[in-house]
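Each value in this text was obtained by applying a stated rule to the coordinates, not by laboratory testing. Here the structure is a predicted model, which means the values were calculated and not measured. Quick reminder, even Gly has a Cβ in these numbers, built from the backbone with ideal geometry, and neighbours come from all protein chains shown.
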Amino acid sequence: MGKVTQITTPLTDDMLEKLHIGDRVLITGTLFTARDAAHKRLVELVREGKALPFDIKGAIIYYVGPTPPKPGSVIGSAGPTSSYRMDSYAPLLIAQGLKGMIGKGARGKEVVEAMQKYKAVYFVATGGAGALISKTIKKAEVVAYEDLGAEAIRKLEVENFPALVVNDIYGNDFYEEGWKQYKKV
Amino acid sequence: MYLRKITAKEITETVRKLCIESNTILGDDIIESYNQGLEKEVSPVGKDVFRQLLENAKIAKDESLAVCQDTGMVIVFIELGQDVHVVGGNVNEAITEGVRQGYKDGCFRASTLDPLTRKNLGDNTPPVIHVEVVPGNKLKLSVLTKGFGGEMMSRVIAFPPAVGIEGVKRYVVERVEESGANPCPPVIVGVGIGGTFEKAAIIAKKALLRPVGKRHSHPEIAKLEEELLKKINQLGIGPQGLGGTITALDVHIETYPTHIASIPVAVNIQCHSNRHREAIL
């Protein structure tokens with residue numbers, strides 16, 4: 001397995017230059033959550049030239065729609081959702097300064113090209129490990145689109161959130177490498 | 001003929017409990033498949049995925065927390081004994097109320113919405129209910145709380161007979177390959193062969209209720225399941241699609257007679273956390 005790097009938000013180009021596919025990272029700092037419905041609204045704001053509800057420069061968006069918190073908890077189960085559904089929105093946000101995305105599953109060509117062009121990284125977290133991942137989330141507050149329920153944009157404060165670099169700024173793809181290595185047919 | 005009475009309230013209470021258990025406690029068959037995966041997977045990254053899944057399952061069970069944030073859409077299979085008389089309410093409403101209560105009390109995600117307006121319905125109802133009337137005076141409820149990562153990768157197709165069983169096999173393997181990392185591998189593959197457009201899909205889904213590791217009782221179908229499992233595990237997709245030797249935990253096939261003009265095939269993909277619970281009233 002790749003080396004483990006501790007990273008803190010906001011992300012900078014200097015930090016991203018050192019990350020390569022297969023590297024494990026432990027993220028500490030702020031993540032913003034957004035799924036399909038929130039992405040649609042964010043992209044509409046960008047197209048209309050309006051301000052986004054959070055500072056996207058250097059930010060990481062986590063593709064997640066958590067379960068509601070149980071009494072006394074910060075958040076419920078909170079693992080990644082499939083990223084390809086955000087592919088049609090992601091390049092525009094990357095062009096606005098988004099530096100990291102966390103989800104699961106492969107990204108489309110346009111997203112990979114935008115990551116290389118503007119310097120951004122795609123991380124994956126373990127899908128279906130929502131209970132385990134929730135332990136790294138220390139604070140959660142809705143910052144926009146409360147009407148979307150689980151799909152609202154939340155600001156999460158995380159400590160040592162575990163993820164893996166799947167697309168780096170050099171155009172590499174860890175999924176492709178992995179499949180090539182183990183494919184027997 | 002004596003009719004056995006079952007109250008709508010019992011049905012609601014049972015569905016509520018099954019929804020909560022299904023979302024928080026993985027079956028022994030699933031845990032066993034993770035333990036075997038941890039032992040057999042060759043890729044270090046893949047091994048680590050199994051380690052995380054085992055830890056996740058333990059936290060979820062101990063804290064009664066949802067295994068996954070996608071607590072799914074609820075599918076209920078009912079086997080209704082023909083000598084059962086449900087009293088004190090309507091069966092569909094009783095089940096729906098059980099889902100509503102289970103999702104509220106379990107702190108699970110409300111994921112259902114109107115398909116046109118995309119407005120969330122707020123309580124994760126309605127469930128999808130399949131009823132089969134059977135002999136006897138019992139009522140069996142099987143609750144499947146299915147996430148949509150796998151559901152999105154599932155397909156139904158009707159092949160002409162010339163495609164043959166080899167073509168069916170190719171289709172199933174290609175479906176898993178094209179799904180890649182999206183449905184949260186290692187997956188469980190439910191396959192329905194035969195019937196009609198909807199029957200193929202229903203038996204493919206019902207196949208997911210069979211415990212992982214249990215072969216079909218018909219030796220030819222069991223052989224086909226083993227052959228497909230082997231082929232799928234040669235794809236190299238691996239746990240979470242990060243490369244490895246375990247892409248599927250199992251393949252379950254169900255068949256039904258079909259028409260001379262066709263071979264309907266349904267592939268229902270299920271993520272590694274196959275969450276279902278059964279009860280007999």
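Ratio of alpha-carbon Rg to the 2.2 N^0.38 Å globular estimate for the stretch B:149-273, to two decimals, please. Show your work: numbers first, answer last.
Values: Rg = 13.3 Å, N = 125, 2.2 N^0.38 = 13.8 Å.
In units of the 2.2 N^0.38 Å rule of thumb, it is 0.96.
Enumerate the lysines that residue B:58 could reach by cross-link, defined here as Cα to Cα under 26 Å, with residues fewer than 8 away along the same chain left out.
A:70, A:104, A:135, A:138, A:139, B:17, B:40, B:47, B:104, B:146, B:214
Using a cut-off of 12 Å between beta-carbons, work out the net charge of the residues near residue B:276 (Lys and Arg +1, Asp and Glu -1, residue B:276 not included).
Working: positive: B:146, B:205, B:206, B:210, B:275, B:277; negative: B:21, B:29, B:278.
Neighbourhood net charge equals +3.
Rounded to the nearest 5, what is the percent of antiparallel bridges among the DSSP beta bridges in the stretch B:149-273?
Values: 11 of 19 bridges.
In the stretch B:149-273, DSSP labels about 60 percent of beta bridges as antiparallel.
Can you pull a Stokes-Einstein diffusion coefficient for the stretch B:186-225 at 4 °C (1.567 mPa s), Rh from Kirkwood over Cα pairs, as a whole number of µm²/s? Each step should come with its number before you reach the end.
Values: Rh = 10.8 Å.
Translational diffusion coefficient: 120 µm²/s.
In whole Hz, with x marking every Gly and Pro, tabulate ³J(HN,Hα) for the stretch B:276-281 from phi via Karplus 6.51 cos²θ - 1.76 cosθ + 1.60, θ = phi - 60°.
8, 8, 10, 8, 10, 9
Running Debye on chain B with equal point scatterers at the Cα sites and no solvent, what base-10 log of I(q)/I(0) appears at q = 0.10, 0.16 Å⁻¹?
-0.55, -1.29
At a temperature of 37 °C and a viscosity of 0.692 mPa s, determine how fast the protein assembly as shown diffuses translationally according to Stokes-Einstein, using the Kirkwood radius over alpha-carbon pairs as Rh; express D in µm²/s, rounded to the nearest whole number.
Answer, rounded: 143 µm²/s.
Tally the DSSP beta bridges in chain B and give the antiparallel ones as a percent, rounded to 5.
That works out to approximately 55 percent antiparallel.
Write down the Å³ per residue value for the convex hull defined by the alpha carbon atoms of the stretch A:4-182. Spell out each step's value before the answer.
Details: hull volume 18.6 nm³, N = 179.
That works out to 104 Å³ per residue.
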